[in-house]
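Working notes for the structure below.
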Amino acid sequence: MRLDHVNVRSRDLEGMRAFFETVVGLTVGDRPDFDFPGYWLYGAAPGEAIVHLVGIADDGQTPEPGPVDHPVDHFAFRGGDYDSQVAAIRKAGLKSREVTVPGRPVRQVFVKGPESVTVELQFPA
């Protein structure tokens, strides 16, 4: 496994994008056609997006509306063996949610841990 990205929720999506562009030097790049607003930000080296931004609001139109007391939504890891990871999650009695990324051959497994820390595991679909 390796760290894939960090997901950040924001009420000020444009301000958050500008912050990461200015302070870290990231640039907006390709993002799947999700049904909610956001950006994927890339570093100078070729590769995958390292920060995913998700716009949120209390309008019922964006995922997980509500306070942004904890803007870092989840950490994502890529790699490993899907069957053994899912078996370990089930054996531990943890609930998970699986999603296939629109237009990408990526299967995601989301697991909430202690103190609401959420981990996303990514595997080939």
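The values are calculated or read from the model by the stated rules, or taken from the named source; none is laboratory data. Since the structure is predicted, the reported quantities are computational estimates derived from the model, not experimental observations. Cβ sites come from the backbone with ideal geometry, for glycine too, and all protein chains shown count toward neighbours.
Closer than 19 Å to Pro105 by Cα and touching a strand residue (DSSP E or B) at 6+ places or on another chain (Cβ under 8 Å), is that true of Asp33?
Details: closer than 19 Å to Pro105 by Cα: yes; touching a strand residue (DSSP E or B) at 6+ places or on another chain (Cβ under 8 Å): no.
Answer is no for this residue.
Val6 meets the stated requirement of being in contact (Cβ under 8 Å) with a residue 12 or more places away in the chain, within 21 Å of Thr118 (Cα to Cα) and of a type in the set (A, V, I, L, M).
If you filter region 9-19 down to residues that are touching a residue at least 40 places away in the same chain (Cβ under 8 Å) and not aliphatic (A, V, I, L, M), you find that the one that is farthest from Pro71 (Cα to Cα) is Arg11.
Candidates in region 27-42 are the residues that are in a strand (DSSP E or B) and in contact with a Ser or Thr (Cβ under 8 Å, 6 or more places away or on another chain); of these, the one that is nearest to Val72 (Cα to Cα) is Leu41. Among the residues of region 78-109, those that are buried (at least 16 other Cβ atoms within 10 Å of the Cβ) and hydrophobic (A, V, I, L, M, F, W, C) comprise Val86, Ile89, Val106, Val109. Put simply, of Ala88, Ala76, Ala49, Ala45 the only residue that is in a loop (DSSP other than H, G, I, E, B) and at pLDDT 85 or above is Ala49. If you go through region 7-26 and keep only what is outside any helix (DSSP H, G or I) and surrounded by 14 or more Cβ atoms within 10 Å (Cβ to Cβ), you end up with Asn7, Val8, Arg9, Ser10, Arg11, Leu26.
List the pairs whose first member sits in region 20-46 and is farther than 23 Å from Val99 by Cα, whose second member is surrounded by fewer than 17 Cβ atoms within 10 Å (Cβ to Cβ) and acidic (Asp, Glu), and whose Cβ atoms are under 7 Å apart, counting only residues at least 6 apart or on separate chains? Here the result reads Thr27/Glu21, each pair linking region 20-46 to a residue that is surrounded by fewer than 17 Cβ atoms within 10 Å (Cβ to Cβ) and acidic (Asp, Glu).
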